[in-house]
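I have placed the structure first, in the form of structure tokens, so that the comments after it can refer back to it.
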Amino acid sequence: MTTWRAGGVERKQPEQQYRKFIEIPAVDPATGWQISPLVAASLCMKPTRRLTPAENAKVIVLKRASPSFVILRQLAMRFRSKLRRKNPDKLNDWLHDAKHSGVRLMQQFARTLSRDIEAVRNAIVEHWSSGQAEGQINRLKTLKRAMYGRAGIELLRARMLPFETAMCT
């Protein structure tokens, strides 16, 4: 515990749980190139049984090079398990472990999930998704951005409607 003074009163401030990790560059054994953060992130989420031999070798190298990767992978696999099994039990335990993991990005992710924990629980339990509607909205917005200032409503209608419908109008 460290002490600090506020308003003439000495108070105790809890020490942060940040861990100092010694990180060394992880080099792909097959190519000799440094493993990119994008590849490391994808390997962090992929279960061991689904890894190819080359991917498994990369995971082993990443675990040796980065203690934070080990923690991230463990937490990611636990969270993935909760999603796949549709089981929100012990979600609070997972959030606590993530918040105290010492990995800043995982702590931030856990704090964000905690802000709307009921929505997270519902997303885990419920079988329905708004993905189809969100996909169509995204498609429409992309088309509108691409065509901004180019043409009128007729071209927009032709691009948005299926080919057969556009031919009939």
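Taking a ≥ b ≥ c as the square roots of the Cα gyration tensor eigenvalues, segment 110-149 comes out oblate, since a/c reaches at least 1.5 and a/b does not exceed b/c. Each peptide in 50-56, 40-46 was scored by the mean count of other Cβ atoms within 10 Å over its residues; highest first, the order is 40-46, 50-56.
Annotation note: trypsin sites (Lys or Arg not before Pro) in segment 79-115 located in DSSP loop regions with a Cβ neighbour count of at most 13 within 10 Å are Lys86, Lys90.
Among the listed pairs Lys46/Lys90; Lys46/Lys144; Lys46/Lys99; Lys82/Lys144; Lys63/Lys99; Lys90/Lys141, those whose Cα-Cα separation exceeds 31 Å are Lys46/Lys144; Lys82/Lys144; Lys90/Lys141. What percentage of all Cα-Cα pairs in segment 53-169 are separated by more than 26 Å? Counting every Cα pair in segment 53-169, those more than 26 Å apart make up 50 percent. Which of rounded, prolate or oblate describes segment 39-122 when judged by the alpha-carbon gyration tensor and an a/c cut-off of 1.5? Note, shape of segment 39-122 comes out oblate.
Every read-out reported here was derived from the displayed coordinates using simple, explicitly stated rules and does not represent laboratory data. Note that the coordinates shown come from a computational prediction; the quantities given were computed from them, not determined experimentally. Note that each Cβ is placed from the backbone with ideal geometry, even for glycine, and that neighbours are counted across all protein chains shown.
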